[in-house]
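Asker: Here you go, one structure.
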Amino acid sequence: MKRYILAGLALAVLTAAVTGLTLLGADAQGVVLLGLALGGALGLVPDGSVAGRAGGFVLGAVLAWAGYLLRAGALPDTAAGRAVAAFVVLALCTAAFAVSRGRLPLWSLLLGAVGVVGAYEAVYATDPSAVTSTSVESVSSLLLASALGLLVGVLVGPRPAAAPAARHTDAATDVAAPDGPSQRGTSVPAGRAQPVPSSSPVTLHPAPTPAAPPAAPLTRDPQEA
């Protein structure tokens, strides 16, 4: 919570300094707040890697820039022409997200496209024929301000939480017997013998044969004498 507040205050101070001192030039004053705010959001949102978020933002900005070039060169300056350009830009953003298998977050692609629209739409409407010169200045100023905001968000914002430690399971506590299959760690009740592993040889001793009783002495009948 505290780091979010510190990041917001740092963005506010940096925006005031860049605007008051015209560090990005007098023509870029209108995009300073927009760029710093978008860059700060890129740095503060814990979704994917910083490189993936920044790459998605830049690619989305480039696609939106290409959409303005398409409008100026091949599409009529009507509602239908603007609709076609918007559809192409958003479809390409979605395709880039799919091709990257999520490494470029879709929201960062859309954020870059929206940033260019917010920074350049009013300038484009003033003179569509000068798109090749005016768009470069607006897009470059937006990307520079966004880079400053991203730097503040990454350095001052909260650190990503560490992954929780894996819980121990019964499989992790299995102990392999020296000559037999693995035995789970179970307690043996007192007074009960430990079972012999199946692989240990067992010698069977035959039971002793009982001795025969002594034979009775033979006696002679006196009548036979």
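The values are calculated or read from the model by the stated rules, or taken from the named source; none is laboratory data. Predicted, not measured: the structure shown is a model, and the values here were computed from it. Every residue, glycine among them, receives a Cβ derived from its backbone with ideal geometry; neighbour counts consider all protein chains shown.
Asker: Scan the stretch 19-44 for residues that are among the β-branched types (V, I, T) and in contact (Cβ under 8 Å) with a residue 40 or more places away in the chain and jot them down. Walk me through it before giving the result.
Answerer: Residues of the stretch 19-44 among the β-branched types (V, I, T): 19, 22, 31-32.
If the condition is that a residue be among the β-branched types (V, I, T) and in contact (Cβ under 8 Å) with a residue 40 or more places away in the chain, then V31, V32 are the ones that fit.
Asker: Looking at V62, V136, V88, V58 in this structure, which one is under 23 Å from L11 (Cβ atoms), β-branched (V, I, T) and modelled with pLDDT of 90 or more? Outline the logic, then answer.
Answerer: Details: V62 fails: under 23 Å from L11 (Cβ atoms); V136 fails: under 23 Å from L11 (Cβ atoms); V88 fails: under 23 Å from L11 (Cβ atoms).
Selected residue: V58, the only one of V62, V136, V88, V58 that is under 23 Å from L11 (Cβ atoms), β-branched (V, I, T) and modelled with pLDDT of 90 or more.
Asker: Do we find that L21 is of a type outside the set (V, I, T) and under 30 Å from the mean Cα position of the chain (by Cα) in this structure?
Answerer: Numbers: of a type outside the set (V, I, T): yes; under 30 Å from the mean Cα position of the chain (by Cα): no.
So L21 does not fit the description; no.
Asker: Same structure again: In the stretch 108-146, what count of residues is obtained for those that are more than 19 Å from D77 (Cα to Cα) and surrounded by fewer than 18 Cβ atoms within 10 Å (Cβ to Cβ)?
Answerer: Of the residues in that region, 4 qualify.
Asker: Could you list, in sequence order, the residues of the stretch 19-45 that are outside any helix (DSSP H, G or I) and either of a type in the set (S, T, N, Q) or in contact with a Phe, Trp or Tyr (Cβ under 7 Å, 6 or more places away or on another chain) (or both)? If you could, list the steps in order and put the result at the bottom.
Answerer: Of all residues in the stretch 19-45, those outside any helix (DSSP H, G or I) come to 21-25, 45.
Listed by number, the list holds a single entry, T22.
Asker: Would you confirm, using the coordinates I've provided, whether V116 is part of a helix (DSSP H, G or I) and free of Cβ contacts under 8 Å to residues at least 60 places away in the same chain? Give the derivation first.
Answerer: On the way: part of a helix (DSSP H, G or I): yes; free of Cβ contacts under 8 Å to residues at least 60 places away in the same chain: yes.
Answer is yes for this residue.
Asker: Still on this structure: What about R82, is it within 22 Å of T132 (Cβ to Cβ), of a type in the set (K, R) and touching a helix residue (DSSP H, G or I) at 6+ places or on another chain (Cβ under 8 Å)?
Answerer: Values: within 22 Å of T132 (Cβ to Cβ): yes; of a type in the set (K, R): yes; touching a helix residue (DSSP H, G or I) at 6+ places or on another chain (Cβ under 8 Å): yes.
Considered against the rule, which asks whether it is within 22 Å of T132 (Cβ to Cβ), of a type in the set (K, R) and touching a helix residue (DSSP H, G or I) at 6+ places or on another chain (Cβ under 8 Å), R82 comes out as yes.
Asker: Looking at (1) modelled with pLDDT of 90 or more; (2) part of a helix (DSSP H, G or I), which is the one condition that is false for R101?
Answerer: Single failed check for R101: (2).
Let's see how each residue does on (1) buried (at least 19 other Cβ atoms within 10 Å of the Cβ); (2) free of Cβ contacts under 8 Å to residues at least 60 places away in the same chain; (3) hydrophobic (A, V, I, L, M, F, W, C); (4) assigned to a helix (DSSP H, G or I):
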position: A17; (1), (2), (3), (4): no, yes, yes, yes
position: D47; (1), (2), (3), (4): no, no, no, no
position: Y68; (1), (2), (3), (4): yes, no, no, yes
position: G81; (1), (2), (3), (4): no, yes, no, yes
